[in-house]
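The values are calculated or read from the model by the stated rules, or taken from the named source; none is laboratory data. Bear in mind that the values here come from a model prediction, so they are computed numbers and not experimental data. Note: ideal-geometry Cβ built from the backbone for every residue, glycine included; neighbour counts use all protein chains shown. To get the accessible areas, we keep the full protein, side chains included, count just its heavy atoms, and leave off ligands, DNA and RNA. Shrake-Rupley method; radii C 1.70, N 1.55, O 1.52, S 1.80 Å.
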Amino acid sequence: MKPNRMEAFSDGVLAIIITIMVLEFKVPEGHDWHSLIALGPKILSYIFSFVYVGIYWNNHHHLLHMIRTMNGRLMWLNLILLFWLSFVPFTTAWMGESHFAPAPIALYGIILLLSATSYWLLQLAIISQHSSDSAFVTSMGNDLKVKISPFLYLLAILTAYVSPWLSGFFYILVAAIWVVPEKRIEHILRNHK
């Protein structure tokens, strides 16, 4: 199996995740702007999750281009990542329905933490294929974004019970850190052509 097959499968799963999230919206009963305003929490939670799924799609795409040899380990690690991401529509809907109650916000963070951990394990497995390229291993091993994100997710989970807004700030902070694609991978790919 070539890496592009795993990437195509992953792209399909991520597209379905986004589709499921948008299908959660029901047409408002009213016919005025106020009817849409009532959907505010659902729309906000959808925007959050759309951005997160987009970030995973973008960074996952870059990461998979670093695979030298496909194997069962990479396939399973990728499936575990997709497994956790597949819970995003559920937690997104629950957050919106509950108007950002503490338990749904905390569960959202738990799912994002497990997704981030799965991504990190996939990244480590791919890095291990480059053991002969110490510059690559050093560069990718010093990924501050991968190291700080779980800590910020933990803060978001814990603060969900103190303040939903503070918890949301930590989710936005992680998204802001990751929104720019991995430039190191682009640089490595350009230099190894």
If Asn71 satisfies every condition in (1) without any contact (Cβ under 8 Å) to a residue 40 or more places away in the chain; (2) more than 23 Å from Ser131 (Cα to Cα) but one, which is the exception? (2)
If a residue must be outside any helix (DSSP H, G or I), free of Cβ contacts under 8 Å to residues at least 24 places away in the same chain and not aliphatic (A, V, I, L, M), how many such residues does segment 13-44 contain? 7
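Of all residues in segment 137-160, which are assigned to a loop (DSSP other than H, G, I, E, B), open to solvent by less than 40 Å² (accessible area, probe 1.4 Å) and at pLDDT below 95? Lay out the reasoning, then the answer.
Initial filter on segment 137-160 (assigned to a loop (DSSP other than H, G, I, E, B)): 142-143, 160.
From what's left, open to solvent by less than 40 Å² (accessible area, probe 1.4 Å): 143, 160.
Correct list: Asp143 only.
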From the list Thr91, Thr69, Thr117, exactly one residue is of a type in the set (Ser, Thr, Tyr) and open to solvent by less than 10 Å² (accessible area, probe 1.4 Å). Which is it? Thr91
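Applying the selection to segment 79-88, what residues are of a type outside the set (Val, Ile, Thr), assigned to a helix (DSSP H, G or I), open to solvent by 20 Å² or more (accessible area, probe 1.4 Å) and farther than 16 Å from Ser149 by Cβ?
Scanning segment 79-88 gives Leu79, Phe83.
Only one of these is over 23 Å from Val174 (Cβ atoms), without any contact (Cβ under 8 Å) to a residue 60 or more places away in the chain and in a helix (DSSP H, G or I): Trp57, Trp94, Trp76. Name it. Don't jump to the end; show me each part of the working.
Working: Trp57 fails: over 23 Å from Val174 (Cβ atoms); Trp94 fails: over 23 Å from Val174 (Cβ atoms).
Of the residues listed, the single one that is over 23 Å from Val174 (Cβ atoms), without any contact (Cβ under 8 Å) to a residue 60 or more places away in the chain and in a helix (DSSP H, G or I) is Trp76.
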